Every structure is written in structure tokens, then in C-alpha cells.
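In what follows, a single structure is set out as C-alpha cells and then discussed.
The values are calculated or read from the model by the stated rules, or taken from the named source; none is laboratory data. These numbers were taken from a predicted model, which means no experiment stands behind them. Note that each Cβ is placed from the backbone with ideal geometry, even for glycine, and that neighbours are counted across all protein chains shown. Side chains are part of the model used for accessible areas, which takes the heavy atoms of the whole protein and leaves out ligands, DNA and RNA. Shrake-Rupley method; radii C 1.70, N 1.55, O 1.52, S 1.80 Å.
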Amino acid sequence: MELKFLILYPDLMNLNSDISNIKILKYRAEKRKIKVLVDEYQDENSNIDFKQYDLIFLGNGSDINQKIVLEKLQKQKPKIVESLEKGTFYFLIGGGCYIFGKYYYDTLEKKVNALSVFDYYTEKKDFSYGNVNLKVNLSGKNVNVVGFENSKNVIVNTNNYFGKIIGCSSKKVINKYDGFFIENVLCTNLNGPLFSKNPELADWIIKLLLDRKYKCNIKFKNIDDKLEIIAKNNIINNLKKINV
Amino acid sequence: MALYHFFVVITMKILIKFLNIIGKEAGTLPGRISLIICKNIRDYVKFEGKIIVITGTNGKTTTNNLFYEILKREGKKVICNISGNNIDRGITSLLLKNCDLLGRINADYLLLETEECYIPLIYSAKNLQIDSLVILNLFDDQLDRFGEVDNVVKSLEKFIINYKENLILNGDDPNVVKLGSKAKKAKIFFYGVEAINRSKREKRETVLCPLCQNKLAYDFYFYSNIGRFNCSNCGFGNFDYYKKVDDITSNYFKIKNEKYYTTNSSVYYIYNLLSILILSEIYNVDKKNIDYIFKNKIFNNGRYQKFTINNRNVTLYLGKNTTGINVLLNQIDKYKREKELLIILNDAENDGRDISWFWNIDFEKIKGFNKIFCSGTRAEEVAIALKVNNIDVKKIIVKNNFNDAISKLLISKNQKYIITNYSSLLKVRNILSNKER
């Protein structure tokens with residue numbers, strides 16, 4: 001079995017080591033003897049065919065880099081839409097997800113019109129940063145997803161949020177929900193190595209990709225996640241609970 | 001107003017005396033308190049000497065301390081924040097400790113390492129004007145505390161546009177050079193290092209021109225985005241260097257025909273020394289004092305400190321961002337025999353709570369260690385990052401308590417290295433010092 005991942009603009013959009021998530025997915029898949037090929041998309045002149053990929057990733061970037069990548073991706077919008085229709089999974093973090101919506105706000109709080117691949121857009125929020133605990137529904141099962149949040153934008157105008165915020169470190173809750181999550185799209189404000197503390201989410205994505213590609217119902221052998229669970233619980237135990 | 005300031009100063013001086021009597025360092029407490037009860041307390045300070053400010057992501061404390069030693073050898077009276085308290089509360093504390101009741105500071109120089117984003121806040125005041133400002137480098141560092149480097153640059157630009165005095169800049173750092181391009185009124189001194197056998201020419205990550213966002217071309221580079229760059233689109237990177245190192249050997253570096261012997265000939269250290277050489281020229285320092293400090297000064301403040309414990313060699317380093325750690329790993333990599341590493345990663349407020357930067361370090365250089373101990377509040381994250389980056393899990397040992405981790409580290413006879421980030425540094429240093437006795 002084999003999976004193909006594509007990272008969009010890794011040099012420009014990896015502000016919080018977001019690409020570590022792809023490394024973790026590859027690591028976990030290979031532990032189950034699944035081959036993973038990872039390509040990079042840096043040059044708009046390349047003939048890379050987006051729909052050939054099982055998963056396409058775009059990380060978080062600095063303000064300037066985000067604007068540059070947004071401009072470059074305008075020309076690729078038809079390819080993006082086509083691959084989405086064919087079922088390619090899009091995993092977008094922070095600025096990576098804002099670019100795919102209708103608009104977002106830059107660090108000077110100016111509105112920036114974006115790709116409009118999806119109907120969500122963002123609202124400005126007071127800058128807050130810290131660890132966050134989300135309640136996420138993965139195939140009918142509620143899972144805790146923890147990560148670090150560091151953003152002035154929050155995705156709104158959707159009922160398909162990724163997770164409900166049930167714990168955070170800042171004194172006031174800035175927003176109720178995080179991200180955007182539909183059949184083959186996962187967007188979140190939780191940046192950096194999300195999967196290091198959320199092995200179940202990583203495995204859920206790998207299984208989704210394989211089941212769709214090979215029309216099966218794969219059952220993974222367990223791998224040692226002791227460290228990952230301790231890392232997750234250490235964070236949860238230090239967060240204030242938000243009444244749901 | 002002056003009367004209120006006077007009372008604040010007296011109160012703080014009493015506090016400082018009291019703390020000293022009960023055997024405690026006053027630290028940043030006087031600064032913190034006085035800023036709460038009197039926001040503009042620094043306006044009360046009167047200083048006739050020269051203010052020298054050292055800033056940048058990595059190397060401030062080292063550079064600050066070295067130049068302090070040099071000025072002392074010159075017989076100058078210098079007030080300096082040698083322990084590295086470099087934000088407003090620390091600097092305010094220092095000023096309060098050293099002024100008289102009328103706010104007067106009697107010294108030739110105020111030598112202050114300062115965190116980048118505090119420069120406009122502290123030195124826009126008429127009574128605290130900078131005579132020489134050194135900008136060593138600008139990297140991503142503690143993104144949650146300080147923001148993206150682009151935003152750090154932007155916040156400094158407004159200050160730099162009006163700055164009229166000496167500006168000593170690392171000409172091999174594109175973000176620093178961008179600031180230089182905005183400093184139309186300042187006297188700019190660029191320093192850099194010529195292509196030498198340690199420079200690299202192979203492919204590197206894309207770096208965008210800070211002015212026009214086209215891809216920057218590099219003739220060579222040393223690490224991260226530091227090297228000889230230019231933009232073929234807008235001409236960014238086209239300037240004259242005031243001082244350039246032509247050659248580096250294991251004992252000295254050369255500028256034209258002048259040799260400077262040094263305790264540490266890594267290119268990262270030499271960049272710091274270059275800024276000191278320019279400061280020394282501006283303030284007419286005798287070359288023999290520069291030579292003495294370059295040749296002899298080794299710091300024992302824990303940021304780079306060697307210990308011998310039960311015949312084991314332990315080197316302690318401070319590593320608090322991606323570039324800093326990569327620099328250390330590169331240096332340690334030169335030691336090819338059996339060695340072990342302890343990484344202590346905390347996420348306290350002054351470390352930055354966001355530890356994602358750790359995942360961008362050069363894991364290839366970690367493969368050379370026999371064992372890697374992981375400690376601190378985020379020990380598990382370190383271990384996970386190592387195993388995902390193909391470090392053999394049998395080599396990875398997690399011990400959250402760093403007392404335990406240090407004890408385990410010291411078991412075998414191999415060469416030991418400890419890299420810790422900020423909040424643990426003092427405690428680790430004390431543990432090692434105690435074990436050394």
C-alpha cells in the first residue's frame with residue numbers, strides 16, 4: 001500500500017514547523033508497512049498534478065509569505081478545485097486555511113481577499129496564544145485534540161467546525177470553535193507539530209486516505225504511543241476547563 | 001512630578017538595600033515595582049556619558065559581556081546589565097540601582113543589551129539617547145512572545161528612521177540589512193565574513209528579498225540565512241562593508257593583515273567579535289585590551305560552560321531557538337568520539353510557551369550521539385521529535401526531572417553535552433557546580 005503527499009510551498013509556509021505533521025504521518029504509516037512518497041510544490045511552472053495526491057498540505061506562514069503564496073495559488077485554483085472533487089484530502093494549518101477561504105485579516109488587521117475555494121472567512125479576534133484542548137468528532141467518536149494556538153484570525157461562517165474549545169490557558173475564552181472540517185478537508189488554527197500529541201487524529205487521517213484509495217476498511221496494528229499520550233495529558237492537565 | 005520620582009527612587013533604594021541585607025539579589029524587582037507605580041520613572045535619570053546598546057536574536061549577552069570586560073580594562077566606568085536582564089524591568093532596575101537620589105548616573109558608559117522590541121520604548125526618551133546601536137542578527141525566536149521576525153523588523157524601522165548616531169550592523173544578515181536600508185540619518189558600519197573554507201555553496205531554503213520579495217541569490221552562506229546575498233531584481237545587498245574577515249583558522253581570524261587570536265574561532269562567535277571591533281574603534285580602545293580579552297576571556301555564566309565531574313567532561317550550553325541549537329549541534333558534531341547529549345526543553349513564560357521551533361532543528365547532527373536524554377516540562381515532545389526524525393528509539397531516554405537526567409547522563413565515561421533553554425539554565429548550572437566540588 002502506498003500514499004502520496006504534496007507539500008505546498010514548504011520554504012515559505014512552515015513558520016511553526018508545521019511540516020513536522022507530514023513527517024509524523026509518514027512515520028506512523030511506515031510503521032504499518034505503508035509506503036509514503038512526499039513531494040514539494042515550489043514552482044508554479046512544474047507540471048505537478050494535484051489530483052494524483054492523496055493528501056495536500058499547506059502550513060502557516062509569515063504575513064508577507066502568506067500574501068505571496070495566495071497570489072501564486074490564484075492561478076492554481078482550477079487544479080485545486082478539481083483535486084478536491086476527485087477526493088484529495090486537504091490539510092491546512094493557520095494561514096494555510098485562511099488562504100483557502102473568502103477573506104482573512106493580516107497582522108495589520110487589513111482585510112485580504114483570498115482564494116474562495118471554501119465559503120468560510122475569518123473574523124478578527126484579540127490576540128491570544130497558548131495551548132488549547134478541542135473536542136473533535138472523528139467518525140462518531142469524541143476525541144480530545146490538543147495543540148498550540150497563536151493567531152489573530154478565527155474561522156467563521158460555517159457549521160462545520162473542526163473542534164469545540166473545551167480547555168485553554170488564557171483567562172478569557174476568545175472563541176468557541178476552531179477550524180473547518182468536512183469530508184476531505186481539515187483546517188485548524190492549531191499550528192506546529194499537532195500530531196505529536198494527537199496520534200489518534202493522525203491515524204484517523206491515514207486510515208481515511210487508505211480506505212478511500214483501496215476501497216477497504218483497514219485495521220491498524222497498534223504502535224507505541226505512550227509518549228504521545230503523556231504529552232497530551234500533560235497539556236490537558238494544565239488547562240482551564242471551559243464549560244461546554 | 002520630580003518630587004514623586006524622588007520618592008520612588010528613595011523607596012526603591014531602600015528596597016534594594018533591604019534585599020541585599022537579607023542576602024537576596026534585587027534582580028528586576030525594583031524595576032517591576034517602580035514601573036507600576038510610576039510608568040515614566042526612567043525620565044528622572046540624568047546621564048552625561050555614552051549609551052551603547054546591543055541587540056539581536058542570538059549573541060547579545062556574550063557580546064555585551066565581552067565589550068564590558070574590554071572597557072573595564074581601559075579603566076572606564078561602565079554600568080552594564082551583564083546578567084542579561086534586557087527588557088524594560090531589568091534595565092529600569094539597573095538604572096535605579098546606579099543613580100543617586102537626584103537620578104544622576106555617574107559613569108563613562110551605559111552598556112545595555114536590550115531585547116529588540118523594547119528599544120523604541122526605552123530609547124526614544126530624550127534623556128536615554130543611544131550613541132551606538134549594534135544589531136547582531138534577527139531570527140525567528142519565541143514567536144508567541146515576540147512575533148514574526150518581519151514584525152520585529154517593522155517595529156524597529158520606525159525607530160531606525162529617525163536614528164542619527166552610530167549603527168553597527170551584521171551585513172551578512174538580510175533582515176539586519178533591511179533595517180540598515182531604512183536608516184537614512186545614521187552612521188552605518190556593516191561587518192561581515194568573506195567566503196572561507198567553512199562557507200557553503202550548496203542549495204539552501206528559499207529566502208525572499210525583504211524589500212521586493214523576489215528570491216535572494218547567495219554566493220555562499222554559513223548558516224540559516226547568513227551569508228553573501230543579493231537581489232537581482234532590486235539590488236538589495238549592494239553595499240560596502242566597513243569591516244570584513246578574510247580568513248579564519250582554528251586560533252585566529254584575519255582582517256586584511258591584522259590577526260586576532262581568540263578562544264573560540266567559530267564563525268558565529270566571530271560575528272560577535274566583529275561588532276566589538278567596530279565599537280572599539282569608535283571609542284578609541286587600545287588594541288592590547290581587545291587582544292587580551294579575545295585571547296583569554298571564557299565565560300562561566302552557564303551559556304557556554306565546561307565542568308569536570310568525576311573525570312567526566314560536561315559542556316553546558318544555552319539553546320533557545322532553532323538557529324541557536326543548530327549552531328551548537330554543528331560545533332559539537334566536530335567531536336567524533338563517544339558522546340552523549342541531554343536536552344532540557346521547558347515551556348515557561350520566559351522560554352516561550354510555543355515549542356514548535358524545536359522540530360526544525362538539524363536532527364542529522366543528533367545521530368552521532370550514543371544516548372540522548374530528554375528532560376524538562378516538554379521532555380516527551382523532544383523524544384517524539386527524535387524518534388520521528390529517525391533517531392534510534394533505543395538511544396532515547398526520557399527523564400522529566402533534570403536532577404535524575406543529569407545523574408543518569410553522568411554514569412558512562414563518554415563526553416557529555418547538555419543543551420537547555422532559558423528557565424532551567426541557572427538551576428542546571430548550580431547542580432553541575434555542586435557536583436563538581
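Table for the structure above
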{"read-out": "Environment charge of residue B:435, counting only residues whose C-beta is closer than 12 Å and scoring Lys/Arg +1, Asp/Glu -1", "value": "+3"}
{"read-out": "For residue B:208, residues with placed amide H under 5 Å, excluding near neighbours", "value": "B:216"}
{"read-out": "Helix-derived mean residue ellipticity, 222 nm - over chain B, DSSP H n ≥ 4, -39500 (n - 2.57), to 500", "value": "-10500 deg cm²/dmol"}
{"read-out": "Accessible surface, per residue, of segment A:83-147 when the full set of protein chains is kept, probe 1.4 Å, Å²", "value": "41 Å²"}
{"read-out": "Sequence-distant residues sharing a close amide H with residue A:156 (under 5 Å, placed H)", "value": "A:121, A:122, A:123"}
{"read-out": "Positive-end extreme of charge dipole, the protein assembly as shown - chosen from B:434, A:59, B:188 (charges on Cβ)", "value": "B:434"}
{"read-out": "For segment B:211-239 and segment A:189-244, distance of Cα centres in Å", "value": "41 Å"}
{"read-out": "Of B:24/B:77; A:207/B:339; B:39/B:320; B:200/B:367, pairs whose Cα-Cα distance is over 32 Å", "value": "A:207/B:339"}
{"read-out": "Excluding exposed DSSP-loop GluC sites (Glu not before Pro) (at most 14 other C-beta within 10 Å), longest clean stretch of chain B", "value": "B:49-201"}
{"read-out": "Computed E for residue B:131/residue B:7 - FRET, C-beta separation, R0 30 angstrom, nearest 0.05", "value": "0.45"}
{"read-out": "Per-residue [θ]222 nm for chain A (sum of -39500 (n - 2.57) over DSSP H runs n ≥ 4, rounded to 500)", "value": "-8500 deg cm²/dmol"}
{"read-out": "Karplus-derived HN-Hα couplings along segment B:325-330 (A = 6.51, B = -1.76, C = 1.60, θ = phi - 60°), whole Hz, x at Gly and Pro", "value": "5, 4, 4, 5, 4, 5"}
{"read-out": "Highest-fluctuation residue, A:135, A:67, A:215 considered, GNM on chain A with Cα pairs under 10 Å", "value": "A:215"}
{"read-out": "Whether chain A is rounded, prolate or oblate, judged on the alpha carbon gyration tensor where a/c under 1.5 counts as rounded", "value": "oblate"}
{"read-out": "Theoretical FRET efficiency, 1/(1+(r/R0)^6), r = Cβ-Cβ of residue A:156 and residue A:216, R0 35 Å, to 0.05", "value": "0.40"}
{"read-out": "Most positive-pole-ward Cα, B:35, B:342, B:401, against dipole of the protein assembly as shown from beta carbon charges", "value": "B:401"}
{"read-out": "Residue (of B:310, B:242, A:146) at the positive-pole extreme of the protein assembly as shown, dipole from beta-carbon charges", "value": "B:310"}
{"read-out": "Within a Gaussian network of chain B (alpha carbon springs, distance under 10 Å), most fluctuating of B:164, B:24, B:288", "value": "B:24"}
{"read-out": "For chain B, share of DSSP beta bridges that run antiparallel, in % to the nearest 5", "value": "30 percent"}
{"read-out": "Label point distance in nm, residue B:165-residue A:2, each placed 7 Å from Cα along Cα→Cβ", "value": "6.5 nm"}
{"read-out": "Per-residue HN-Hα couplings for segment A:141-151 [Karplus 6.51, -1.76, 1.60; θ = phi - 60°; Hz; x = Gly/Pro]", "value": "10, 7, 10, 7, 10, 10, x, 10, 10, 7, 8"}
{"read-out": "Pairwise centroid distance, computed over Cα atoms, of segment A:98-162 with segment B:123-152, Å", "value": "30 Å"}
{"read-out": "Beta bridges by DSSP in the protein assembly as shown, antiparallel share as percent, to the nearest 5", "value": "45 percent"}
{"read-out": "Under-5 Å amide H pairs with residue A:128, H placed in peptide plane, nonlocal only", "value": "A:151"}
{"read-out": "Relative contact order (percent, whole number), segment B:250-353, Cα cutoff 8 Å, 6+ residue spacing", "value": "16 percent"}
{"read-out": "Paired Rg and Dmax values of segment B:329-376, which use every Cα atom, in angstrom", "value": "12.4, 37"}
{"read-out": "For segment A:81-88, 3J(HN,Hα) per residue [Karplus equation, 6.51 cos²θ - 1.76 cosθ + 1.60, θ = phi - 60°, Hz, x = Gly/Pro]", "value": "4, 4, 5, 4, 5, 7, x, 4"}
{"read-out": "Student exercise, segment B:191-310 dipole from Lys, Arg, Asp, Glu Cβ charges, in Debye to nearest 20", "value": "320 debye"}
{"read-out": "Coil-residue GluC sites (Glu not before Pro) of segment A:103-195, DSSP, other Cβ within 10 Å capped at 11", "value": "A:109, A:183"}
